[in-house]
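J.: Right, I'll just put the structure down here and ask away after.
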Amino acid sequence: MTTRGIPAVTGRIIRQAESLLKRAGLEGLAIWLARRVRRVRHLGRNLVIAIPYAWLLAFFLIPFVIVLKIALSDAAIAQPPYTPLWEWVGDQYLNIKVNLGNFMFLVEDNLYWKSYLNSVKVALVSTVACLLIGYPMAYGIARAKSAYRTILLMLVILPFWTSFLIRVYAWIGILKNNGLLNNFLMWLGVIDSPIVMLQTDFAVYLGIVYSYLPFMILPLYANLEKLDETLLEAAYDLGCKPARTFLTVTLPLSVPGIIAGSMLVFIPAVGEFVIPALLGAPDTLMIGRILWDEFFGNRDWPVASAVAIALLLLLVIPIVILQHNQARNSEANS
Amino acid sequence: MASSTTFSTFEPWKDPAEKPYVCIDRVTKKFGDFVAVNDISLDIYRKELFCLLGASGCGKSTLLRMLAGFEEASSGRILIDGMDMAEIPPYERPVNMMFQSYALFPHMNVSQNVSFGLKQEKLTGQVIKTRVEEMLELVKLTQFAKRKPHQLSGGQRQRVALARSLIKRPKLLLLDEPLAALDKKLREHTQFELMNIQEQLGVTFIVVTHDQQEAMTLATRIGVMEEGYIAQVGTPTEIYEFPGSRFVADFIGSVNSFEGRITVDEPDHVIIRMLDQDVDIFVDHGVSASPNARVWAAIRPEKIHISRTDPGQARNVIRGKVKEIAYMGDFSIYLVELAGGRTVRVTQPNLRRGDPERITWDEQVFLHWLPSSIVVLTE
Amino acid sequence: MKRRSLFLISAMVFGFAFLYVPIISLIVYSFNKSKLVTVWAGFSTQWYGALLQNDQILQAAWISLRIATLNATVAMALGTIAGFVLARFKRFRGRTLFTGLVTAPLVMPEVITGLSLLLLFVALESIIGWPSGRGFATITIAHITFSLAYVAVIVQSRLADMDESIEEAALDLGARPLKIFFMITLPIIAPALVAGWLLAFTLSLDDLVIASFVSGPGSSTLPMVIFSKVRLGVSPEINALATILVALVAVGTIIAGVAMLRSQKVRERDVQMAAADN
C-alpha cells in the first residue's frame with residue numbers, strides 16, 4: 001500500500017465513499033465526488049501542461065497585446081517614449097485615449113504602402129526562385145541511392161547550421177564591384193567593366209534565395225521521399241511516359257511539400273531585415289527594415305508597433321495556410 | 001481458340017504446334033552478389049492462368065517485374081508474342097500489371113484511376129467514358145465512380161486496381177499477390193470472380209502468390225519457385241499428386257516422408273525398407289533410382305487410413321499411438337507416434353456427427369495405405 | 001528505371017555549387033595576406049592572429065556562448081515538455097491556443113518577435129521593476145522563447161513516430177506515468193533531445209535581430225558585433241572567424257553523420273542476422 005503512495009490510498013477511500021453514497025441513494029452526489037476527485041488526480045498532468053503554457057503566454061502572447069496597445073498610443077518624448085493608453089483622471093474618470101493615428105499614417109504615407117508591396121513582391125519572386133532551384137534538388141536527393149541520400153541531405157543542412165549572418169556576408173565579397181564574380185566575368189571577357197551588383201534588388205533576391213533554399217528543399221524532400229515508387233511504376237505500366245508521369249502523378253502528390261516549403265520561405269522573407277540591410281541599396285524598401293529604422297532610427301515606438309501589427313496581418317493568411325497544410329499532412333500520415 | 005482437336009481440355013502446353021505467348025529464355029537477374037532469379041526458362045501460353053508460387057524472397061516478384069519492364073534481366077531473353085522485350089520501356093509494353101499494394105493514385109477518384117491508362121492513348125473522350133463505364137460495371141463499382149481510394153474498402157480497392165489494369169485490354173496481365181490484402185472469406189469469393197473475368201476477357205494471366213491454396217484454385221499451371229529456381233512446373237493435380245522433389249511435396253500441402261532404401265527394384269514395382277522402422281513399403285510403380293539408393297517415400301496425410309484393428313497386410317502398415325487430435329470441423333488431424341518417437345500426420349474426414357466409435361487419445365492404432373499412394377522422391 | 005536524367009544531375013550540381021561557393025570563398029580569403037579581401041596576395045594566417053587579439057569580438061563570443069548554452073538547456077527542458085504535451089495529451093482546454101503558441105514562433109518574422117519582447121520587458125520594468133535594464137537575462141529569455149518552439153516540434157514528431165504501446169506496456173506492468181516518462185519515453189527520444197539542444201544552441205548563436213532589440217549596453221552578442229563590422233564592408237578578420245565557425249560545424253556534422261551512419265549499419269546488420277536466425 002505504501003509503495004503506491006497517496007493516490008492509491010485516496011483512490012481506495014474515494015471508492016468506499018462512493019459506494020456508501022450510492023447505497024444511501026445519493027447517486028448524484030457520488031458522481032459529483034468522482035468528478036472532483038478525477039480533476040485533482042489530473043493535477044500532475046495539468047502542471048505539465050501549465051509550465052510551457054505559462055512561458056509562452058508570458059513571453060509570446062502577452063507581448064503582442066502590448067505591441068497592439070502601444071500601436072494605439074501616441075509617441076512622446078519620455079521614457080518609455082509613448083503616452084499611456086489609459087489614465088485615471090481625478091478619482092472617478094477612466095480616461096482612455098485610443099490613437100488610430102499611427103495606422104492612418106501607415107495608410108496615408110506612400111512609403112509604407114510601397115515597402116509592404118515591395119516586401120511581398122521580393123518574397124514572392126524569391127519563393128518561386130527557391131522552388132525552381134529546390135524542387136529538382138529535393139527530387140534528385142529523394143531518388144538517389146540511400147547511401148548518397150544521407151550525405152546529400154547533410155550537405156543541404158550543413159550551411160543551415162553555420163551562421164546565417166556570415167553566409168549573407170559572404171555574398172558581399174562575391175558581388176562587390178571588385179569582387180569575385182565581377183573579376184571572374186571580366187577574366188572570361190564577358191564584360192569589360194564591373195557590373196554594379198551589390199546594393200541592388202538583384203543582390204537581395206540572391207541573398208534571400210541563398211539563405212532560405214534549405215527551408216524549401218527539406219519539406220519537399222520529406223514529401224518526395226515518401227512518394228510510393230509503385231505509383232510511378234503503375235503509371236508507366238499504363239502507358240504514361242516519364243515526363244507525363246511527373247506532371248500527372250509526382251507533381252500533384254507533392255503539393256503539400258510545395259506549400260510547406262513555399263510558406264517557410266515566403267513568411268520570413270517578407271519580414272526579412274538582415275539581407276536587405278547588408279546586400280540591398282539604402283533605398284530598398286522592405287518592411288522589416290522600415291520597422292527597424294522607425295524603432296532604432298526615429299525612436300518612434302508607436303509607429304514601429306503599428307508597422308509590426310500591419311505586417312502580422314499581412315502574414316496571417318500564409319501562416320493559416322501553412323498550419324492548415326501541416327495539420328492535413330499529419331492527419332494523412334496517421 | 002488455337003488448341004488442337006486432340007485435346008478436349010485446355011492444355012496448350014501439351015500441343016507441340018502451339019506457340020508460347022510468353023517465352024522466358026534462360027533469364028537471370030542479379031542484385032549485386034545476390035542472384036534473385038537464376039537461369040529460368042518458362043513458356044506460358046495464350047489464355048493460361050499461370051501461377052508463380054513460392055515463399056517470400058524466392059524471386060517470383062522479380063520475375064514478374066522483369067516481364068512488366070521495371071527490372072532488366074542480367075542475362076537471357078524475354079519474348080512476348082514473339083517480340084524481344086529488351087530495351088522496351090514499361091510504358092510501351094503490351095502488358096499491364098496489378099500491384100500488390102494496388103498502387104492506386106491517391107489524388108484521383110475511381111473513374112480517374114480507371115481511365116488513366118486510356119488517357120495515355122489518343123482516344124476521344126466519349127470512347128474513354130464508355131469503356132470506363134463498361135469496366136466499372138464489370139467489377140461492380142459503378143456507384144463508387146466518384147470516390148477517392150481512401151474512401152473504399154479493401155475489396156473495392158482491389159477491384160479498382162483490377163479494372164485499371166484491364167482497361168487497356170492487355171493480352172497479358174501480371175498480378176502480384178492480387179488477393180493477399182483481403183481477408184479469407186473475401187479472398188475465396190474473389191478467386192472465382194478473378195477466374196470468371198479472365199475467362200470472359202480471354203486474357204493471359206500470370207499471378208504471383210505465396211498462397212498454395214490460391215494457386216491450386218486459380219491456376220491452369222503452377223510454377224513452384226525456390227531460391228531463384230523453378231522447382232517444378234505442372235497442373236495443380238500434378239504438383240500435388242506427383243511432386244518432383246521433397247521441397248515441392250513439403251511446400252504444397254503437408255506430407256509425411258519416410259526415409260528408406262530400395263530393396264527390390266522391378267520395372268512395375270519397388271519395395272522400400274524404412275530406415276527407422278521395421279516396415280516395408282510396397283510401391284506399385286517403377287522408380288528411376290539406382291538400387292540401394294537412399295530415397296524418401298512421401299505420402300499425403302489424407303491418404304493414410306487409421307484403424308484400431310490390424311488390416312492384416314504384411315506391407316504398407318505401421319503401428320503407432322495417437323498423441324494429439326486437432327478437430328478442424330470438416331476433418332480431424334491425428335498425430336500418431338511411432339516406435340522411436342517420430343510422428344505421422346493423418347487426416348480423416350468427419351463423416352458422422354458425434355461418432356461414439358471415434359478413435360481417441362492414447363489409443364494403439366494401425367496406419368495403412370494403398371501401394372499407389374506413395375510418391376518416391378530421390379532428393 | 002533508375003537512370004537519372006542529365007537535367008536532374010546538372011540541377012543538383014548547380015544547386016550545391018550555389019550553396020557552397022560563398023562559404024568556400026570565405027574560407028579561401030581568410031588565408032589571404034592582403035587586407036583587400038578579394039585580391040589574392042599570398043597565403044597568410046595573420047587574420048587569425050588579429051582575431052585572437054580583438055577583445056571586442058572575443059568578449060562578444062564569450063557572451064554569445066554563455067547565452068547559447070543556457071538557452072539550449074532551458075529550451076530543451078521546456079520544449080520537451082511542450083512537445084510531449086502536444087504529442088500525448090490529445091484533449092485539454094486551450095489545446096488549440098497552445099498549439100498555435102508553440103508553432104507561431106517558428107514562422108514569426110524576427111523583427112516582430114524582437115520588438116514585442118522588448119516592449120514586454122520595458123513594460124515589466126516599469127510595473128514590477130524587473131528586469132532592470134536589458135542584457136544577458138533578457139536576451140536569454142527571448143532566445144528560449146523561440147528555441148523552445150523548435151525543440152517542441154522535433155520532440156513531438158519523434159514521439160509521434162514512437163510506438164505508444166511501449167508506454168502502455170509499461171503502464172500495464174504497473175509503472176506510474178512520471179516514472180514511465182523518465183525510464184521509457186525519455187531514453188527512446190534522447191536523440192531528438194540532443195538534436196533539439198544543438199539546434200537551440202545554434203539558433204541562439206546565430207540570432208542578430210531579436211538580440212539587437214532586447215540587448216542593452218555592454219551585452220553585445222557575437223552576431224551584433226559582426227553585423228556592425230560587416231555593415232562597413234568586408235573584413236578579413238570576419239573571414240577568419242567565419243572559417244573557424246564553419247570548421248567547427250563541419251567537424252560536428254561529420255562526427256554526427258558518421259555516428260549516425262555507423263549505428264544505422266549496425267542496426268541493419270543486426271536485423272539481417274536476426275532474420276538469418278529464423
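J.: Could you tell me which residue out of B:Ala36, A:Tyr82, B:Phe247 lies farthest along the dipole of the protein assembly as shown toward its positive end? Charges go on the beta carbon: Lys and Arg +1, Asp and Glu -1, centred on the Cα centre.
T.: Farthest towards the positive pole: A:Tyr82.
J.: Quick check for you: which residues of the stretch A:218-261 have the amide N under 18 Å from the point 7 Å beyond the Cα of A:Ile157 toward its beta carbon?
T.: A:218-226, A:261
J.: OK, next. Under a crude label model (7 Å from the Cα following the beta-carbon direction), how far is B:Glu238 from B:Asp25 in nanometres?
T.: 2.2
J.: Please identify every one of the trypsin sites (Lys or Arg not before Pro) in the stretch B:51-113 that sits in a loop by DSSP and has no more than 16 other beta carbons within 10 Å of its own beta carbon. Don't skip to the answer; put the middle values down first.
T.: Numbers: sites: B:Lys60, B:Arg65, B:Arg77; in loops: none.
Those that pass, being in a loop and sparsely packed, number zero.
J.: So how strong a dipole does the stretch C:153-270 carry about its Cα centre when Lys and Arg Cβ are +1 and Asp and Glu Cβ are -1, to the nearest 20 debye? All intermediate terms of the calculation are to be shown ahead of the outcome.
T.: On the way: 9 positive and 11 negative charges, 89 e Å.
The dipole of the stretch C:153-270 has a size of about 420 debye.
J.: Here is a further query. Based on the Cα coordinates of chain B, what is the per residue volume of their convex hull in Å³?
T.: Working: hull volume 73.5 nm³, N = 379.
Residue-normalised Cα hull volume stands at 194 Å³.
J.: Something else now. Let me have the relative contact order for chain A, percent, based on Cα pairs under 8 Å that are six or more residues apart.
T.: On the way: 337 pairs, mean separation 72.6, N = 334.
With pairs under 8 Å counted, the relative contact order is 22 percent.
J.: Still on this structure, please answer the following. Tell me the label-point distance for the pair C:Val28, C:Ala175, using the 7 Å Cα-to-Cβ offset, in nm and rounded to one decimal.
T.: So the label points at C:Val28 and C:Ala175 sit 5.5 nm apart.
J.: Now for a different question. Determine, from the Cβ-Cβ distance of C:Arg66 and A:Lys241 and an R0 of 51 Å, the FRET efficiency 1/(1 + (r/R0)^6), rounded to the nearest 0.05. Numbers along the way, then the final one.
T.: Details: r = 59 Å, r/R0 = 1.17.
About 0.30, to the nearest 0.05.
J.: Could you compute the FRET efficiency for C:Phe182 and C:Tyr20, with r as their C-beta to C-beta distance and R0 at 41 Å, rounded to 0.05?
T.: Values: r = 42 Å, r/R0 = 1.03.
So the FRET efficiency works out to roughly 0.45.
J.: Averaged over A:62-74, how many beta carbons belonging to a partner chain fall within 10 Å of each residue's beta carbon?
T.: Values: counts 5, 13, 8, 4, 10, 7, 2, 2, 5, 1, 0, 0, 0.
Rounded to a whole number, the mean comes out at 4.
J.: Can you give the average number of partner chain beta-carbon atoms within 10 Å of each beta-carbon in peptide C:13-19, as a whole number? Walk me through the intermediate numbers first.
T.: Numbers: counts 2, 3, 11, 6, 0, 6, 12.
Other-chain Cβ atoms within 10 Å of each residue's Cβ, averaged: 6.
J.: Order of C:111-122, C:85-96 by packing, highest average Cβ count within 10 Å first? List each step's numbers first, then the result.
T.: Values: C:111-122: 26.0, C:85-96: 13.9.
Packing order, densest peptide first, comes out as C:111-122, C:85-96.
J.: Let me ask something additional. If you find the alpha carbon centre of the stretch C:48-97 and of the stretch B:8-29, how far apart are they in angstrom?
T.: Taking the Cα centre of each part, the stretch C:48-97 and the stretch B:8-29 sit 70 Å apart.
J.: Additional query: Can you report the principal axis dimensions of the stretch C:1-146 using only the alpha carbons, biggest first, rounded to whole angstrom?
T.: Result, largest extent first: 62, 59, 24 Å.
J.: Averaged over peptide C:69-79, how many Cβ atoms belonging to another chain are found within 10 Å of each residue's Cβ? Kindly include the intermediate steps, with their values, before the conclusion.
T.: Working: counts 0, 0, 0, 0, 0, 1, 1, 0, 2, 4, 1.
So the per-residue partner count for this stretch is 1.
J.: Evaluate Rg over Rh across the protein assembly as shown, taking Cα atoms for both radii and Kirkwood's formula for Rh. Please report the intermediate quantities before stating the final value.
T.: Values: Rg = 38.2 Å, Rh = 35.2 Å.
Expressed as Rg/Rh, it is 1.09.
J.: Quick one: grab the alpha carbon gyration tensor of the stretch C:163-228, order the square roots of its eigenvalues as a ≥ b ≥ c, and give me rounded if a/c is under 1.5, else prolate or oblate depending on whether a/b is larger than b/c. Please report the intermediate quantities before stating the final value.
T.: Values: a/c = 5.66, a/b = 3.73, b/c = 1.52.
Verdict is prolate for the stretch C:163-228.
J.: Another one. Rg (Å, one decimal) plus Dmax (Å, integer) for the alpha carbons of the stretch B:217-309?
T.: That works out to 14.9, 48 Å for Rg and Dmax.
J.: For A:Lys22, go through the aspartates and glutamates and keep the ones whose alpha-carbon is under 15 Å away, minus same-chain ones fewer than eight residues off.
T.: Of all the aspartates and glutamates, none pass the test against A:Lys22 - Cα under 15 Å, at least 8 places apart if same chain.
J.: Separate question: Quick check on my link table: of B:Lys146/C:Lys90; B:Lys47/B:Lys122; A:Lys226/B:Lys60, which ones sit more than 31 Å apart, alpha carbon to alpha carbon? Before the final figure, lay out each step's value.
T.: Working: B:Lys146/C:Lys90 33 Å; B:Lys47/B:Lys122 27 Å; A:Lys226/B:Lys60 26 Å.
The pairs that break the limit, which is 31 Å between Cα atoms, are B:Lys146/C:Lys90.
J.: Provide the per-residue ³J(HN,Hα) series for the stretch A:110-124, in order, calculated from phi with Karplus coefficients 6.51, -1.76, 1.60 and θ = phi - 60°, each as a whole number of Hz, with x at glycine and proline positions.
T.: Ordered by residue, 3J(HN,Hα) equals 4, 3, 5, 3, 4, 6, 4, 4, 5, 4, 5, 4, 4, 5, 4 Hz.
J.: What whole-number volume per residue, in cubic angstrom, does the convex hull of the C-alpha atoms of the stretch B:254-377 give?
T.: For the stretch B:254-377, the hull spanned by Cα atoms encloses 103 Å³ per residue.
J.: If each of B:Met328 and C:Ile127 carries a label point 7 Å out from its Cα toward its Cβ, how far apart are those two points in nm?
T.: Distance between the two pseudo-spin positions: 7.8 nm.
J.: If you bin the C-alpha pair distances of the stretch A:89-165 every 10 Å from 0, what whole percents do you get?
T.: Spelled out bin by bin, the stretch A:89-165 gives 14, 21, 20, 15, 14, 10, 5, 2 percent.
J.: Going by the alpha-carbon gyration tensor, a ≥ b ≥ c the square roots of its eigenvalues, is chain A rounded (a/c under 1.5) or, if a/c is not under 1.5, prolate (a/b greater than b/c) versus oblate?
T.: oblate
J.: With the contact rule set at Cα under 8 Å and sequence spacing of 6 or more, what percent relative contact order holds for the stretch C:54-233?
T.: On the way: 207 pairs, mean separation 74.7, N = 180.
Once divided by the residue count of the stretch C:54-233, the mean separation gives 41 percent.
J.: While we're looking at this one, here's another question. So how do A:321-327, A:123-129 stack up, highest first, on mean other-Cβ count within 10 Å? Don't jump to the answer; show the numbers that get you there.
T.: Numbers: A:321-327: 16.0, A:123-129: 20.3.
Answer by packing, highest mean first, reads A:123-129, A:321-327.
J.: Using packing as a proxy for protection, rank A:166-172, B:14-20 so that the peptide with the highest average count of other Cβ atoms within 10 Å comes first. Walk me through the intermediate numbers first.
T.: Working: A:166-172: 24.4, B:14-20: 12.7.
Sorting A:166-172, B:14-20 by mean packing, highest first, produces A:166-172, B:14-20.
J.: For chain C, what is the Kirkwood estimate of the hydrodynamic radius, computed as the reciprocal of the mean inverse distance between distinct Cα atoms, to one decimal in Å? Provide the component values of the computation, followed by the final result.
T.: On the way: mean 1/r = 0.0448 Å⁻¹.
One over the average 1/r among Cα pairs gives 22.3 Å for chain C.
J.: Taking the dipole about the Cα centre of the stretch C:54-233, with the C-beta of Lys and Arg at +1 and of Asp and Glu at -1, give me whichever of C:Gly129, C:Leu205, C:Phe84 is farthest to the positive side.
T.: Checked the options; the winner is C:Gly129.
J.: Would you order A:Val249, B:Val344 from fewest to most other beta-carbon atoms within 10 Å of each residue's own beta-carbon? Could you put the intermediate results ahead of the total?
T.: Values: A:Val249 23, B:Val344 19.
Taking fewest neighbouring Cβ atoms as first place, the list is B:Val344, A:Val249.
J.: Sticking with this structure for a sec: Viscosity 1.002 mPa s, temperature 20 °C: give me the Stokes-Einstein translational D for the stretch B:1-156 in µm²/s, with Rh taken as the Kirkwood radius over C-alpha pairs.
T.: Working: Rh = 18.4 Å.
After rounding, the answer is 116 µm²/s.
J.: With only Lys, Arg, Asp and Glu charged, each at its Cβ (+1 for the first two, -1 for the last two), find how big the charge dipole of the protein assembly as shown is about the Cα centre; round to the nearest 20 debye.
T.: On the way: 92 positive and 84 negative charges, 488 e Å.
The dipole of the protein assembly as shown has a size of about 2340 debye.
J.: Could you work out [θ]222 nm for the protein assembly as shown from helices alone, using -39500 (n - 2.57) per DSSP H run of at least four and dividing by all its residues? Round to the nearest 500 deg cm²/dmol. Don't skip to the end; give the middle numbers.
T.: On the way: 36 runs with 536 residues, N = 991.
Rounded to the nearest 500, the figure is -17500 deg cm²/dmol.
J.: Mind giving me the FRET efficiency for B:Thr130 and A:Trp113? R0 is 60 Å, r the Cβ-Cβ distance, nearest 0.05 is fine. All intermediate terms of the calculation are to be shown ahead of the outcome.
T.: Values: r = 57 Å, r/R0 = 0.95.
The computed FRET efficiency comes out at 0.55.
J.: Still on this structure, please answer the following. The stretch B:223-285 to the stretch B:62-78: how many Å between their Cα centroids?
T.: 33
J.: Take the alpha carbon atoms of the stretch B:144-193, find their center, do the same for the stretch C:170-235, and report the distance between the two centers in whole angstrom.
T.: With the stretch B:144-193 and the stretch C:170-235 each reduced to a Cα centre, they are spaced 51 Å.
J.: Give me A:Arg35, A:Arg12 ranked fewest to most by other Cβ atoms within 10 Å of their Cβ, as a rough exposure proxy.
T.: Values: A:Arg35 9, A:Arg12 12.
Placing the least packed residue first, the sequence is A:Arg35, A:Arg12.
Read-outs: derived from the displayed coordinates by stated rules, not from any lab. Keep in mind it's a predicted model, so treat the numbers as computed, not measured. Neighbour counts run over all protein chains shown; Cβ positions are idealised from the backbone, glycine included.
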